[in-house]
Amino acid sequence: MKNSKNLFLVAGLVLTTVASFAQKANETSAAVEFKNNFQPAFFSQDMPKAKTSLAKAKEFIDLAANHADTKDSPKTLYYKGEIYFYVMVMKGIDSNLFTTVTPEVAFEESIAAFNKSYSISNKMDADIEEAIAQKKSFIEMACLASYEAKKFNDAMEGYDAQVKLSSALNQIDTTSIYFAGICAEKAENYGKAAEYYIKCADLSYKVPEMYKTVANVLILDKKNDEATAYLEKAIEKDPNDKAMHYVIGTFYMEAGQNDKATESLRKAIALDPKYQDAQYQLGAHLLSIGLNIRSEANALKPNDPNFDKLIAESDAYYTQALVPLEAYIAMVPNDKEVLLNLSKLYRSLKNTEKALEYKKRHDEAK
């Protein structure tokens with residue numbers, strides 16, 4: 001009995017070893033079929049042979065990947081990554097291939113296999129890094145071609161794929177995230193573009209400029225409040241950015257937040273007194289407030305006690321508007337619109353001499 005028991009143990013060990021060898025053979029067969037048959041056929045565009053070879057390679061690698069002895073083998077995982085990537089590619093070429101798997105699932109399986117192999121062992125690291133680099137280069141060419149053809153959604157999907165490929169190496173491809181945002185913006189998918197740009201900003205990519213980019217697409221997406229919040233973040237990062245103060249000032253103007261608009265535009269001018277656009281915008285903004293208050297006063301009934309108060313308030317804004325508008329006209333002396341507005345302002349403020357001076361300059365301006 002003792003000898004019989006030992007015999008059964010030996011037999012079991014032999015059977016286990018044979019099974020293990022069989023699975024290793026599947027791993028090797030998958031590698032040989034992929035490298036020696038599929039790749040040459042695929043890159044020489046012999047599609048019938050490529051289809052047949054890839055189907056065989058997938059069959060072998062699935063056997064190895066589903067067996068306890070080889071499912072965590074770095075080599076099995078590497079070849080599963082390779083084979084499933086091309087399953088995705090070939091499925092895209094011929095949707096009738098590999099009917100039990102979708103391109104999206106094949107790609108996810110590929111990334112997961114590469115990542116697991118890369119994470120559990122250094123054995124295949126160089127091969128995986130080279131494979132990922134090659135695939136990203138291949139996809140980059142497709143992205144550029146799609147972008148040139150104005151197929152921006154296709155290009156965006158390609159850049160998404162680049163990001164996922166980098167994740168196999170536990171890396172974050174912020175450049176591809178940014179380019180995906182550009183493609184989404186070109187496709188006028190502003191919400192999606194904002195998502196990409198916000199992700200870049202959260203990863204500290206091109207901050208604070210990225211905050212301005214986020215704000216721009218949020219405005220295009222008619223989300224002005226969110227846009228303003230990102231501009232304020234940008235200002236926190238770079239409080240001496242005059243252009244940022246100017247832009248946020250104009251946003252506050254559009255949002256009807258007059259005090260904040262005035263404050264932001266004045267900050268821009270404080271940083272650069274020769275900032276023509278800011279001087280003009282501040283003057284126009286203050287003039288507009290004054291005009292609105294005056295219209296409100298003129299709409300009152302006769303002898304309304306609020307009339308004089310509103311006129312005084314309007315005149316105060318007119319007086320404030322003179323400062324930036326005159327600073328602007330000193331730099332742009334022939335702007336007829338501003339010259340005329342200055343003449344009207346001074347006439348409203350009962351300064352006839354200055355009103356006539358600017359009216360004359362307006363008439364003589366070319």
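No lab work stands behind these numbers, since they all come straight from the coordinates. Quick caveat, the model's predicted, so the values are computed rather than measured. No Cβ is skipped: glycine too gets one built from the backbone with ideal geometry, and neighbour counts run over all protein chains shown.
Here are some notes:
- Cα gyration tensor shape for the chain, rounded if a/c is under 1.5, else prolate or oblate: prolate
- Calculated diffusion of segment 169-319, Stokes-Einstein form, Kirkwood radius summed over Cα pairs, 10 °C and 1.306 mPa s, µm²/s: 91 µm²/s
- Cα-based shape type of segment 239-366, given that a ≥ b ≥ c are square roots of the gyration tensor eigenvalues and the cut on a/c is 1.5: oblate
- A Förster radius of 56 Å combined with the Cβ-Cβ distance from THR99 to ALA243 puts the calculated FRET efficiency at roughly 0.50.
- Stretching the chain fully between LEU291 and ILE120 yields a gain of 54.4 nm (0.36 nm per residue, less the alpha carbon separation).
- Label-to-label distance, nm, for residues given as ASP363 and LYS222 (7 Å Cα→Cβ offset): 4.8 nm
- Between 0 and 90°, nearest 10: helix 47-65 axis offset from the chain longest Cα axis: 80 degrees
- Segment 77-203: relative contact order in percent, alpha carbon pairs under 8 Å with at least 6 residues between: 19 percent
- Helix 152-167 axis, angle to the chain major axis (alpha carbon atoms, nearest 10°): 60 degrees
- Nearest-0.05 FRET efficiency for ALA149 and VAL332, computed from C-beta distance (R0 51 Å): 0.75
- Segment 20-123, Rg to Rh (Cα coordinates; Rh as Kirkwood inverse mean 1/r): 0.96
- Cα-based shape type of segment 203-280, given that a ≥ b ≥ c are square roots of the gyration tensor eigenvalues and the cut on a/c is 1.5: oblate
- The long axis of helix 306-331 is offset from the longest Cα principal axis of the chain by roughly 70 degrees.
- Here the scattering of segment 59-210 is modelled by Debye summation over its C-alpha atoms, one equal scatterer each and no solvent; at q = 0.21 Å⁻¹ the log10 of I(q)/I(0) is -1.26.
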